[in-house]
1. To the nearest 20 debye, what charge dipole does the range 1-113 have about its Cα centre, counting +1 at the Cβ of each Lys and Arg and -1 at the Cβ of each Asp and Glu?
2. Using DSSP to call loops (not H, G, I, E or B), can you name the GluC sites (Glu not before Pro) in the range 133-213 whose Cβ has at most 16 other Cβ atoms within 10 angstrom?
3. Along the charge dipole of the range 104-175, which of PHE164, TYR152, VAL130 sits closest to the positive end, that is, farthest toward it, with unit charges on the beta carbon of Lys, Arg, Asp and Glu (+1, +1, -1, -1)?
4. Using the crude model of +1 on Lys and Arg Cβ and -1 on Asp and Glu Cβ, and no other charge, please compute the dipole size for the range 94-133 relative to its Cα centre, in debye to 20.
5. Going by C-beta contacts inside 10 Å, put LEU41, LEU194, LEU50 in order with the fewest on the left.
6. For the residues ILE158, ILE195, what sequence is obtained by ranking on other C-beta atoms within 10 Å, fewest first?
7. Mind checking which aspartates and glutamates have their C-alpha under 12 Å from LYS200, skipping anything on the same chain fewer than 8 residues away?
8. Can you give me the Cα centroid spacing of the range 176-218 and the range 55-90 in angstrom?
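Readers should treat all values here as calculations from the given coordinates under stated rules, not as data from a laboratory. Values in this document were obtained by computation on a predicted structure and should not be read as measured data. Heads up, the Cβs are rebuilt from the backbone with ideal geometry, glycines too, and the neighbour counts pull from every protein chain shown.
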Amino acid sequence: MIIVIDGPAGSGKSSTAKKIAELLDIQYLDSGALYRALTFLWLRTEPSDLSKFFEMLPDVKLETEYVHPTFQVKMNGEDITKEIRSQEVANHVSEMAAEPKARSFVNQYMRKLVKHDTYIADGRDLGTAVFPNADLKFYMDASLEERAKRRYRELESIEAHVTFEDVKQNLKERDYKDSNRSADPLKKDDGAILIDTTGKTFDEQISEMVEIIREKSN
Ligand code: DC
């Protein structure tokens, strides 16, 4: 069984998916982390030349594991779980995510992984492009202001120099790029259930979604 959650950055997808994975004892897959991992590797190798980077892709060994509450990522044996959350990676990840070669690498990895267990996965195009036959599709959203507040709180402890305005601007730019790129843009699938979390407590949104999943599984 595969349950997907799509939506813009900071809409609460990953914290929600993690909590649901814990409550229902299923696996969690963070697709954004995979794009971040490729971006991290790209920034470290040949920043100016993406085509060269893609020549290396067949040799890239990605490994992921969800150990509550962290989605762990290893690239060629190196643990890069923390590094992929930096603001520098966030500032460049939309460029990587717009590349069809990066998308097919990530999609192939995900489709293979979910064959072996029940997963809840979050991203931008999971319901529309990666898992069009998902058992259940959610689309989470919240106002830009609220999403920026949430992301800022997460980042504050890791990167002291980042301001609220930087975070808000980054989200705004990513929203635009993610929704307007030609390769699998962010959009709500017709079959997805909309969960608008503006003004909702975390517990409220979890109960709402868990109830929908339980109904679907019965
Ligand atoms: O969820 P996140 O902020 O960690 O995602 C990082 C970037 O990856 C985001 O700006 C868009 C891209 N992404 C994507 O294009 N498709 C996905 N399924 C997941 C993420």
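1. Dipole size: approximately 240 debye.
2. Sites meeting the loop and neighbour criteria: GLU159.
3. My answer, from the dipole projection, is VAL130.
4. Magnitude of the dipole: close to 180 debye.
5. Exposure proxy ranking, most exposed first: LEU194, LEU50, LEU41.
6. Details: ILE158 11, ILE195 21.
By the 10 Å Cβ count, ascending, the order reads ILE158, ILE195.
7. Of all the aspartates and glutamates, those that pass the test against LYS200 - Cα under 12 Å, at least 8 places apart if same chain - are ASP141, GLU146, GLU208.
8. Their Cα centres are 25 Å away from one another.
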